[in-house]
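Written below as structure tokens is the structure these notes are about.
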Amino acid sequence: MNRQFLLCRSILENPSVTQRELADQIFVSLGTINSLMKECLALDYIRVTSTGEYEITENGLLFLTPYQVDGALFIAAGFGSRFVPLTFETPKGLLEVQGERMIERQIKQLHQVGIKNISIAVGYLKEKFEYLIDKYDVTLVYNPEYATKNTLATLYHARRTLLGKNMYVLSSDNWMRENMFHAYECGAWYSSVQMSGETSEWCLSYNKKGLITDISIGGKDAWVMYGPTFFSREFSDGFLPELERYYHQPGTEQFYWEQVYMDRLKAKSSMTPPPVMYINRQKKEQVYEFENLEELRSFDTRYQNQSNNQAMELVSQVFQVPESEIVHIRCLKSGMTNKSFLFQIRGKQYICRIPGPGTQLLINRKQEKAVYDTVSSLEITERVLYFNGDTGYKISEYYKDARTADSSNLEEMGHCMTLLRKFHQSGLQVDHPFDIQERILFYEGLCLAHGPIPFEDYKEVRKWMLQLMEHLRQRRRPKVLCHVDAVADNFLILTDGTIKLIDWEYSGMADPLLDVAMCSIYSYYDFEHAIQILTLYLEREPDEEELFVLTAYMALSGFLWSLWAVYKSNLGEEFGEYTIIMYRYAKNGYRRSLLTSSIPESVSCE
């Protein structure tokens, strides 16, 4: 990196800086600093004042002008899974450290050196960042792929903010002890700290001038990529076209943007040299990238017992322990219906489930609690230690090394069906039904509130489903307490072979064969395979009516979940081919049902 630039900038920012301080800042000897002083004096970049200090000259300011920083881009789109449950409520960059939000601390540091043009690439909980527009006049750039792709995609969606500019590229969740930003920067750089011993971080190799020559993942006693970066306009000109090329390549969805640069450095045979980037070595305890809640707790003791997080406070109350004893936390699930995390207290592991936003529209938690209370005597569910029927928060025991059932293993599914049949025959009841007709019409209403339902033949298929529902109604099928979501993933097989049936969110009184149908379509069984599962459930060959009922419920269940998936898609959560597969069950199930029963030509269930 240009040492004359570094010296001039240091003198501009602090005219009273000493030669020893300059040597420490630029990582050179006192003799080299003395030579640089003479060079810059001869070039009329600096001069000696009457008090013996150095100051920048007009020529020095002209020299610095091309290197003026235009602004900063924050990457803040990700979820921050290693900081659950805190990040269930708050994006990682908005967490407070030493009483100050991490992203706000960096914004203030940028403002201190005159950098006001600030953009923030957002995704997860994007609305939480909106207040920064009014407070700091920032611009928000949305990454629509934040849930499925990594920082390569985030930088791709924000690339226009970098074109033709000198820009800092920052992580919203970094914390810098001292302000390391400047009004002028010469050449692209990546902040680096020295790691002693073995490390899994991205390690840098560099030459005598500080130019990065190679990157390796993992190393020993190395300088590693850590903290802020700076993209000069020249770097962006060479790097962004390569970033775009990578973005459009399959298999790069989980790439960090740094992967693109590392690959360019390693492409020795390329005719085009990689864009130039320097190492920016930082002193110990200057830059912090908190990897998890444990690290944050050790740095900011407030988080040991007062995280101000609802889930952590709840766990603390339920187990009557300080938050500091809630350890080894990791994310298990972060969906729209539920969020959950694993934690440990005094050597035992538990799971806390947190209902997702809008869940109250989809699931009645009081009814769910009533089901758990009712079936508890059977000891077939997970062991629940806490359940709040108002909020839906649930804490249950974690079964180490347990696994979900294998839907392709008929013997294993036979054991699951045996458990399901015994449950159906238990005689237990609750006060609420699971009415598939009501649920279909309910989800249909949710979908229509966001616009037309996208299937071209929806009206015709809807008519078919109404016919099936009426035909089932006329048969007056028995109603028992059903799980309704008795799919392979909800059968938990413990290390001793015991089977538990978990997640009773949709449970209610319904036709027992609905559970078999739900299990079949979730496993993507064809109809012949579904009949095998029904046979295992019945422990005999099914009769003609049972075959029709199974087929009809497979059709109706497919129709229900296709509407559910369309609704979730309207809210921004995609399920790939699942929507189409479920819709095919509806259509193919109806057609197959015609072979086993006479369907009335015109009925209505509205």
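Just a few scattered comments:
- A crude spin-label estimate for the pair T495 and E100, with each label 7 Å from Cα along the Cβ direction, gives 4.8 nm.
- Computed E for T32/I581 - FRET, C-beta separation, R0 51 angstrom, nearest 0.05: 0.15
- Taking label positions 7 Å along the Cα-Cβ direction at both R383 and S324, the computed distance is 2.8 nm, reported to one decimal.
- Cleavage-rule hits, GluC sites (Glu not before Pro), region 486-582, DSSP coil, Cβ neighbours within 10 Å at most 10: E539, E577
- Radius of gyration over Kirkwood radius for the chain, both on Cα atoms: the Rg/Rh ratio is 1.09.
- 3J(HN,Hα) along region 114-120, derived from phi through the Karplus expression 6.51 cos²θ - 1.76 cosθ + 1.60 where θ = phi - 60°, amounts to x, 8, 10, 7, 10, 10, 10 Hz, with x in place of Gly and Pro.
- The label point for K209 and the one for N179, both projected 7 Å from the Cα toward the Cβ, are 3.1 nm apart.
- FRET efficiency for D543 and Q474, using Cβ-Cβ distance with R0 set to 22 Å, rounded to 0.05: 0.80
- Proximity of backbone amide H atoms, modeled 1.01 Å from N, is registered between E201 and G218, G219 at under 5 Å, excluding neighbours fewer than 5 places apart on the same chain.
- Cα-based radius of gyration for region 1-90, normalised by 2.2 N^0.38 Å, reads 1.60.
- J(HN,Hα) series, region 580-590, from Karplus relation 6.51 cos²θ - 1.76 cosθ + 1.60, nearest Hz, glycine and proline x: 5, 4, 5, 5, 5, 4, 4, 6, 5, x, 4
- Other-chain or far-sequence residues with amide H under 5 Å of W223's (modelled H): M195, L204
- Charge dipole of the chain (Cα centre as origin; +1 on each Lys and Arg Cβ, -1 on each Asp and Glu Cβ, all else neutral): 880 debye, rounded to the nearest 20.
- Cα-based Rg and Dmax for region 363-435, where Dmax is the largest Cα-Cα distance (Å): 14.3, 40
- Taken over region 403-593, the percentage of Cα pairs per 5 Å bin, counting from 0 up to the bin with the maximum distance, is 1, 8, 16, 20, 21, 16, 10, 5, 2, 0.
- Residues in region 71-105 that a label on Q317 would reach, taking backbone N under 20 Å of a point 7 Å out along Cα→Cβ: 85-90
- FRET efficiency for K220 and Q25, using Cβ-Cβ distance with R0 set to 30 Å, rounded to 0.05: 0.65
- Along its first, second and third principal axes, ordered by size, region 309-398 spans 34, 31, 20 Å in Cα coordinates.
- Chain lengthening between E58 and E573 when straightened (0.36 nm per residue, less Cα-Cα): 179.8 nm
- Order of I499, I103, I326 - criterion: other Cβ atoms within 10 Å of each residue's Cβ, fewest first: I499, I326, I103
- Stretched out straight at 0.36 nm per residue, the stretch from S16 to A267 would grow longer than its current Cα-Cα span by 85.9 nm.
- Extension gain, S426 back to N588 (0.36 nm per residue minus Cα-Cα distance, nm): 55.0 nm
- Put simply, the amide H of K333, placed in the peptide plane, has neighbours under 5 Å in S340, leaving out anything fewer than 5 places away on its chain.
- Evaluated at q = 0.11, 0.13, 0.19 Å⁻¹: base-10 log I(q)/I(0), Debye formula over Cα of region 415-506: -0.50, -0.66, -1.04
- Rounded, prolate or oblate (a/c below 1.5 giving rounded, otherwise prolate when a/b exceeds b/c) for region 68-289 by Cα gyration tensor: rounded
Read the figures in this text as sums done on the coordinates, not as results from a lab. The structure presented is a predicted model; accordingly, all values stated were derived computationally and were not measured. Backbone-built Cβ (ideal geometry, glycine too); neighbour counts: all protein chains shown.
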